[in-house]
Structure formats: C-alpha cells, structure tokens
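Coordinate-derived values only; no laboratory data. What you see is a predicted model; the values in this text were computed from it and never measured. Because the Cβ atoms are built from the backbone with ideal geometry, glycine has one as well, and the counts that use them run over all protein chains shown.
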C-alpha cells in the first residue's frame with residue numbers, strides 16, 4: 001500500500017461538477033492499493049497517517065500530528081501509484097490490486113482513520129475526479145508497506 005500525504009491548508013475533490021469531499025487543514029492522502037495488500041497493512045498505513053508528526057508546533061518545528069492540530073484527512077483512491085514505467089512508453093498497472101479488493105481496502109482504510117477520531121472525507125472510488133489543494137509548506141511524505 002502506498003499513501004502519498006500532502007500537507008494542505010485546504011483540499012477538495014469534485015465528481016461530475018459536485019464537491020464530494022472537502023477539508024481545511026490536514027492531509028490530502030492519495031492512496032494506492034497493491035496486489036497482496038491486507039487489512040493489517042491498511043491499518044498500519046492508516047495509523048502512520050494519523051500519527052506522523054509533520055505539522056508545526058508553536059516553535060515552528062514539525063512536531064505535531066494531524067489530530068494535534070485539529071486537522072482532517074481527504075482520502076482519494078489512486079491506482080496509478082502502482083504504475084510501472086520501467087518498460088515501454090505506457091505504464092503497466094499489474095502491481096495494483098483488483099478493483100474489488102482495492103475498494104474494500106480503501107473503505108476499510110477510511111473507516112480505520114475515522115475510528116482513530118480524525119475527521120475523514122473521501123473521493124469516489126473509480127470515479128473521474130478533480131482534486132484541488134492548497135499545499136502547506138509544501139510538505140509531502142510517502143508511507144508505504146507491502147506484504
């Protein structure tokens with residue numbers, strides 16, 4: 001599982017001209033689910049997203065978690081994080097999980113974040129989405145774990 005976290009002042013996701021998820025301060029999480037990923041891996045990555053200390057404290061040091069600053073997460077599924085561009089000119093997505101497995105793990109991941117007390121918004125799985133964000137920093141981190 002791959003999660004690209006972008007620290008944002010605000011972010012939203014739009015489907016068919018309608019905003020379906022929107023947050024103020026927090027993390028925009030682009031989530032890729034790979035073959036072999038499990039609920040245990042999803043739980044681990046969700047926990048890291050909630051607990052990573054990359055928000056500034058009163059001294060300007062990255063020392064606070066998203067929960068510490070009262071932030072939220074906007075989670076957008078993105079199978080292209082498993083795009084392999086090593087051969088040829090067209091990416092291969094063989095490393096991505098099937099859509100059935102990925103949807104279940106995506107929903108589980110979001111529920112896991114919510115169970116930790118962090119407000120969470122979502123995109124729409126497999127939809128054509130427009131994602132907007134105002135980067136903060138910018139700060140971008142990658143959290144990855146595989147079976």
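Numbers for the structure displayed
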| quantity | calculated |
| --- | --- |
| Degrees, to the nearest 10: 99-115 long Cα axis against longest axis of the chain | 10 degrees |
| Segment 9-52 and segment 92-113: distance between their alpha carbon centers, rounded to Å | 11 Å |
| Contour minus Cα-Cα distance for residue 18 and residue 86 (0.36 nm per residue) | 20.9 nm |
| Length gained when the stretch residue 38-residue 104 is fully extended (0.36 nm per residue, less Cα-Cα span) | 22.8 nm |
| Sequence of 128, 104 once ranked by neighbouring C-beta atoms within 10 Å, starting from the fewest | 128, 104 |
| For segment 2-144: relative contact order, % (alpha-carbon pairs under 8 angstrom, 6 or more apart) | 39 percent |
| Label-to-label distance, nm, for residues given as residue 125 and residue 47 (7 Å Cα→Cβ offset) | 2.3 nm |
| Share, in percent, of DSSP beta bridges within the chain that are antiparallel, nearest 5 | 75 percent |
| Cβ-based exposure ranking for 77, 56, in which fewest neighbours within 10 Å come first | 56, 77 |
| Theoretical FRET efficiency, 1/(1+(r/R0)^6), r = Cβ-Cβ of residue 68 and residue 145, R0 22 Å, to 0.05 | 0.45 |
